[in-house]
Amino acid sequence: QKEVEQNSGPLSVPEGAIASLNCTYSDRGSQSFFWYRQYSGKSPELIMFIYSNGDKEDGRFTAQLNKASQYVSLLIRDSQPSDSATYLCAVLLMDSSYKLIFGSGTRLLVRP
Amino acid sequence: NAGVTQTPKFHILKTGQSMTLQCAQDMNHGYLSWYRQDPGMGLRRIHYSVAAGITDKGEVPDGYNVSRSNTEDFPLRLESAAPSQTSVYFCASSPSPEGELFFGEGSRLTVL
C-alpha cells in the first residue's frame, strides 16, 4: 500500500463545474497536508495547506481534511481551462526527519 | 527575485560518469531539499539540509551526495551515474522544514 494514494486520472470536467480531487494516506501520525499544482513540464507550486479537520477555503479552492478516515480532498469551484494540470497531494509525517510524502498526482482536464 | 535556481536544465551523461546539479536560492531559507520525480512514483526526497553545515539523507539517497557550505547553495552530486538515475530533479527551499516548498524549475537528467 502506498503511503499517499491518488487516482491518476485524468479527471475530466466541463468548464464551470466543480472538480473534486481525493487523496488517502496511511500514516495516522501525519500532521500537515498540502496540495500542489503542477503544469506539464513545470515545477510544483503550492495551492493550499490544511492542518485541522474540516474545511479550509481560499477563493475557488476548498481543502477538506478527515483524519479519522485518513483522507484529504481538494475542491475547485467554477473550474477553468487554466486549472488543467496535475494536482499533487503531500502529507507531512510527524517525525524528526520532516518527511513529506507526495502522491503521484491526479491529472485534471477542464473542457471549454 | 530569482527564488530557486537550478542548473543545468537538461543534461545527458553516460553510465559511470559523474556530475553535479547546482541549486541556489536567494530567499534566505534555512531548509533545502532535493527531490526526484519519476512517472507514477511521485516526488521522492533524496537529501535535505536544515542549515548550512547540516545535511541528512532523505528517503532515496543511494548514489547521491550533497554538501551545504552556505545558506544559498545546495549542490547534488552523482558520483557514478546509473540509468536508474534518469529522472527530473527538483531542488526546493522553505523557511522551515514543515512549511511550503518553493521549487526550482527542475533539471532533466538522462543517463545512457
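Remarks
- Among the residues listed as B:LEU78, B:LEU112, B:LEU43, the single one being modelled with pLDDT of 95 or more, farther than 19 Å from A:VAL4 by Cβ and in contact with a strand residue (DSSP E or B) (Cβ under 6 Å, 6 or more places away or on another chain): B:LEU78
- Subset of segment A:11-25 that is in contact (Cβ under 8 Å) with a residue 60 or more places away in the chain and within 14 Å of another protein chain (Cβ to nearest Cβ) - its residue that is surrounded by the most Cβ atoms within 10 Å (Cβ to Cβ): A:CYS23
- For segment B:22-35, filtered to residues that are of a type outside the set (S, T, N, Q) and within 11 Å of chain A (Cβ to nearest Cβ), the residue that is farthest from A:GLU3 (Cα to Cα) is B:TYR31.
- Within segment B:22-59, the set of residues being charged (D, E, K, R) and under 15 Å from B:ALA92 (Cβ atoms) comprises B:ASP26, B:ARG36, B:ARG44, B:ARG45, B:ASP56, B:GLU59.
- So A:SER73, is it more than 14 Å from chain B (Cβ to nearest Cβ), at pLDDT 95 or above and either under 10 Å from the mean Cα position of the chain (by Cα) or surrounded by fewer than 19 Cβ atoms within 10 Å (Cβ to Cβ) (or both): yes
- Flag for A:PHE34 being free of Cβ contacts under 8 Å to residues at least 40 places away in the same chain and aromatic (Phe, Trp, Tyr): no
- Among the residues of segment B:47-71, those identified as within 14 Å of another protein chain (Cβ to nearest Cβ) and hydrophobic (A, V, I, L, M, F, W, C) are B:VAL50, B:ALA51, B:ILE54, B:VAL60.
- Members of segment A:76-85 found to be buried (at least 21 other Cβ atoms within 10 Å of the Cβ) and either more than 16 Å from A:SER40 (Cα to Cα) or without any contact (Cβ under 8 Å) to a residue 24 or more places away in the chain (or both), listed by number: A:ILE76, A:SER79
- Residue satisfying all of: in segment B:61-104; under 11 Å from the mean Cα position of the chain (by Cα) and part of a loop (DSSP other than H, G, I, E, B); surrounded by the most Cβ atoms within 10 Å (Cβ to Cβ) among these: B:PHE74
- Selected residue (only one of B:SER96, B:SER69 is modelled with pLDDT under 95 and closer than 16 Å to B:ASP26 by Cα): B:SER96
- Taken as a whole, the condition of being surrounded by fewer than 19 Cβ atoms within 10 Å (Cβ to Cβ) and within 14 Å of chain B (Cβ to nearest Cβ) does not apply to A:LEU88.
- Applying the set (1) under 22 Å from A:ALA90 (Cα atoms); (2) in a loop (DSSP other than H, G, I, E, B); (3) free of Cβ contacts under 8 Å to residues at least 40 places away in the same chain to B:HIS29 leaves exactly one unmet item: (3).
- As a summary of the residue check, A:GLY41 satisfies the conditions (1) within 14 Å of chain B (Cβ to nearest Cβ); (2) over 30 Å from B:ALA51 (Cβ atoms); (3) crowded, with 18+ Cβ neighbours inside 10 Å except for the one numbered (3).
The values are calculated or read from the model by the stated rules, or taken from the named source; none is laboratory data. Since this is a predicted model, take the numbers as computed values, not measurements. Neighbour counts are summed over all protein chains in view; Cβ atoms, including those assigned to glycine, are modelled from backbone coordinates with ideal geometry.
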